[in-house]
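The values are calculated or read from the model by the stated rules, or taken from the named source; none is laboratory data. Small disclaimer: the values here were computed from a predicted structure and weren't measured. Cβ placement follows ideal geometry from the backbone for every residue including glycine, while neighbour counts extend to all protein chains displayed. Note: accessible area is taken over every heavy atom of the protein model, side chains too, but ligands, DNA and RNA are not part of it. Shrake-Rupley method; radii C 1.70, N 1.55, O 1.52, S 1.80 Å.
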Amino acid sequence: MEALIPLIVLVSLAIPVLGIAGFIIALGARSHARVLEARLRSIEVRIAERGAAAAPPAAPAPEPTPPAPERAAEPSEPPMPPTEPAAEPLAEPAMPPTEPTRAPPAGPSFEERFGTQWVVWVGGLALALGGIFLVRYSIEQGWFGPGMRVFTGALLAAALIAAGEWARRTERLAGLATLPTAHIPSILTAAGTVVAYAVAYAAYGLYDFLSPGVAFVLLGLVALLTLAAALLHGPALAALGLVGAYVTPLLVSTERPNYWALYVYLAVVSAASFALARMRLWRWLAITAVAFGTLWMLPGIVDVRTDVLMPHVFHAAAGFSLVAALIVAGFLYGPPAEPGRIDDISSAALIAYLAAAALLAMASNHDGAALLAFALLVAGTMAIAWRSEAAAAAVPAAALLAALVLADWSVDVHIEHLIAPGGPAAGAVPEPAKAAFGLHLVLGGALAAMFGSAGFLAQGRSEQPTVPLLWAASGVVAPLAILVALYYRIAEFDRSIPFAALALLMSALYAGAVETFAKRATRPGLAAAGAVYAAGSVAALALALTFALEKGWLTVGLALMVPGLAWVAQRRPLPLLRWAAAAGVLMVLARIAWEPRIVGADVGATPIFNWLLYGYGGPAAAFWIGGYLLRRRADDVPSRMVDSAAILFSVLLAFLEVRHFMNDGNVYRPSSGLGEPALQVCVGLAMAIGLERVRARTGNVVHDLGALAIAALSACGIVIVLWLAQNPVFTSEPVGGAFFNLILLGYGLPAVLAAALALVARATRPMAYRVVAATLAVGLALAFITLEITRLYHGPVLTVGPTSNAEQYTYSAAWLAFGVVLLLLGVALRSQPARLASAAVMLITIGKVFLLDLAVLQGAFRALSFIGLGLVLVGIGWLYQRLLFPKRGAAQAP
């Protein structure tokens, strides 16, 4: 019996609220009828006046001629209706000349606004706050007893309301109602209603003078008084009175909060404000009331006690019901709605209270009552949107909130597992309860079935394409998201054949929906809905593969959605599908950011063929295909996002595979040495070369920027890491064998790749790009020659032992030979950068010979160094004169 008491109280409270709403609607209908009657009378008077003005004055009877009867019949023709555009210009010439129109008067000055409006508004607010603060101060000082406090507050409220009514009637008698001033009667009445709210709330919530039923009736009377006064005084009273009523519980506080009293009070205030907004069609008032109502959901929301949770449930349900009854256009007592038009206020108001219920469910650790209330509100949202298309925008919001609530439950870190101790301690140690899945399984299944069936059945009901598209998106996204949330919590990313079967069933249902839509007659939005369901079929199939295989395949499954969606978007050109493919990229990125190793520590120790290859290579290939398919129709933001992801995942695959190979499978281990950065630079240069070839064929800006970015990163790695930070001359790191060593990997191979990059970019990049690439190639090659000579003379550690005369001479000879090779290549390829690089190497060699060899070398090595340098320079001069710049004859025959 005790469990039925809250239900009885709720029913008893709902009856007065509905009575208030009905009474207000009746008043509104009566006032609207009066307005329409007055307008009809004014239209009739105007028609009669214009008919009299259009009739010409009586003329003397003309001589009886044949055309006379026709001319006499002209005035008897009925005048043109006043609604026709041509009627007024025809009557203009007969009107006497009027006085020239005067310019409209200028707006009120600052002084006028200050003296006639602002001070009155502030004064009314001060009156209301002063009354509340006076009551509060009397409580703190202990001047009066509780009964006297309530009585004096009621007298103050009555006095302010009476003063406002007296001022209103006096103003009408004096004829001052048209003055552009702040409405003093409405300000006084608003202050009185605020004090009345405070007095009634204090009598019930603070002093327990009133029972819940009496308090409800009294608050309802105050709300009706405020509503009636606002109908007479206008929006100023509505703004000050009703907003003040929402703020009153903050000013009149108590150390023992009574949530039932608070939310019953707010329900009455919301009913009054929504009814007033409906009658006067004040959208700002509806928005303000909804905002205040949802914000009042926050106090005590984390308290899971029943005496706190149930009032919160009541507040969410009451606010949602009032919005549905009075605010939603085209539903119950709401304003009329245009067919097929989505109303922002109708949808946003439902979404606000639905979000408050979702927040309550998550804050209460998914208490059964909160979850049940949220599910009922979701069902109510769909029923309202089914009846009124003005609230259709609330359907996808309800789908996202349902998925969010179940996702919050699925990723809960406080999961209770069954831990059964064995041995002698079995049964002696308290065991935690099993994690309960039943309620959420039922809830998730019911919500998924509801969204899926409603999204399918809603197709073909509307004359506008947007509404069925919203239903279709909700019917696809919500079931898929709910399935993923349940799978994560129950299966914990392990293989699950039941979940794979459910995903496969959903894929088949979505594919069947596509075929059904294709056979129907053409209706607005049907083609777009078919595209959405086709995308859902692809996504469900990818999830089925993910659930049936290992847990790391979730990343691959999500990535496979992208080319599937791109293929569907190519067949059915719907912009939403292109953005869905881009959203799939973001989902994969989020999954990678959560665990870069894809499967944690089980990535495997096998080089190349490990989970990094599957977890990054699969998405990279999927994104390359998806970007190609999207680019075939348009080069827009979604296609560029997919192309960027393809490049990013290719780079990440190469980078992580190198780290995996160089660090024995541990990609998180900090490594040092020349080997890993050398491999990274080689891979970066190779990818830059590949992207240069790709961008030459596609002309895509993403491929262009990707090639530039990778080339720039590789150049920074060469200069900062290879030449400076990890140079074996500076680090004394052993380089390995005589020829196949770290020098070949870190300098020889990158030199070849940098030269290849310079050659590939000859016809596509500006001269500055090619000069930088050629300079890096020459610098790497010169470093390779120098370090390799050092390795041959000093062994694996390049800093061991002195430098001999033969070693110094070998440096000079090798540099000269390298310069000659560069010159010959420049001549053969007709490459000016190669010839300029040869000249730079020659200058370096000349400087070494004249500055270092002259001071260090002794005997024959010094002579050989200068002789070799001289012969080479003479040969270079001869080569330039004969091949590059031959001297022309002084006299030639014309």
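Among Arg695, Arg669, which is closer than 21 Å to Leu652 by Cβ and in contact (Cβ under 8 Å) with a residue 60 or more places away in the chain? Give the derivation first.
Details: Arg669 fails: in contact (Cβ under 8 Å) with a residue 60 or more places away in the chain.
Exactly one residue qualifies, and that residue is Arg695.
What number of residues within the stretch 277-311 are closer than 22 Å to Ala245 by Cα, open to solvent by 50 Å² or more (accessible area, probe 1.4 Å), more than 26 Å from the chain's Cα centre (by Cα) and not basic (Lys, Arg)?
Matching residues across the stretch 277-311 total 1.
Just to be sure, is Phe661 aromatic (Phe, Trp, Tyr), open to solvent by 60 Å² or more (accessible area, probe 1.4 Å) and in a loop (DSSP other than H, G, I, E, B)?
So Phe661 does not fit the description; no.
Here is a check on your reading of the model: is Val681 at pLDDT 95 or above and buried (at least 20 other Cβ atoms within 10 Å of the Cβ)?
yes
Inside the stretch 724-737, can you point out the residues that are on the phi < 0 side of the Ramachandran plot, small (Gly, Ala, Ser) and open to solvent by less than 40 Å² (accessible area, probe 1.4 Å)?
Selection gives Gly737 alone.
Do we have Leu504 as within 27 Å of Leu589 (Cα to Cα) and in contact with a Lys or Arg (Cβ under 8 Å, 6 or more places away or on another chain) here?
no
Taking the stated definitions as given, is Ala379 among the aliphatic types (A, V, I, L, M), surrounded by fewer than 23 Cβ atoms within 10 Å (Cβ to Cβ) and either at pLDDT 90 or above or in a helix (DSSP H, G or I) (or both)?
The answer is yes for Ala379.
So, Ala521, is that one free of Cβ contacts under 8 Å to residues at least 60 places away in the same chain, buried (at least 19 other Cβ atoms within 10 Å of the Cβ) and farther than 26 Å from Ile598 by Cβ or not?
So Ala521 does not fit the description; no.
What are the residues in the stretch 544-587 that are outside any helix (DSSP H, G or I) and buried (at least 20 other Cβ atoms within 10 Å of the Cβ), if any? Don't jump to the end; show me each part of the working.
Filtering the stretch 544-587 for residues outside any helix (DSSP H, G or I) gives 549-552, 572-574.
Gly552, Leu574 - these are the residues of the stretch 544-587 that are outside any helix (DSSP H, G or I) and buried (at least 20 other Cβ atoms within 10 Å of the Cβ).
Return the residues of the stretch 833-856 that are open to solvent by less than 50 Å² (accessible area, probe 1.4 Å) and either touching a strand residue (DSSP E or B) at 6+ places or on another chain (Cβ under 6 Å) or under 12 Å from Val820 (Cα atoms) (or both); say none if nothing qualifies.
Ala834, Ala837, Ser838, Ala839, Ala840, Val841, Met842, Thr845
Considering each of Ile608, Ile598 in turn, give the residue that is surrounded by 24 or more Cβ atoms within 10 Å (Cβ to Cβ), assigned to a loop (DSSP other than H, G, I, E, B) and aliphatic (A, V, I, L, M). Break it down stepwise before answering.
On the way: Ile608 fails: surrounded by 24 or more Cβ atoms within 10 Å (Cβ to Cβ).
Result of the check over Ile608, Ile598: Ile598.
Go through (1) modelled with pLDDT of 85 or more; (2) out of contact with any Pro (no Cβ under 8 Å at 6 or more places or on another chain) and name the single condition Met506 misses.
(2)
Do you know which of the residues in the stretch 632-647 that are in a helix (DSSP H, G or I) and of a type in the set (A, V, I, L, M, F, W, C) is farthest from Gly584 (Cα to Cα)?
Applying the filter and picking the extreme gives Ile647.
On the basis of being among the β-branched types (Val, Ile, Thr), in a helix (DSSP H, G or I) and buried (at least 24 other Cβ atoms within 10 Å of the Cβ), does Val269 make the cut?
yes
For the stretch 449-470, does any single residue satisfy the condition of being under 18 Å from Met587 (Cβ atoms), free of Cβ contacts under 8 Å to residues at least 60 places away in the same chain and not acidic (Asp, Glu)?
Within the stretch 449-470 (the criterion being under 18 Å from Met587 (Cβ atoms), free of Cβ contacts under 8 Å to residues at least 60 places away in the same chain and not acidic (Asp, Glu)), the answer is no, since none of the residues qualifies.
So which of Val562, Val556 is aliphatic (A, V, I, L, M) and at pLDDT 90 or above? Don't jump to the end; show me each part of the working.
Details: Val556 fails: at pLDDT 90 or above.
Only one candidate passes the filter, namely Val562.
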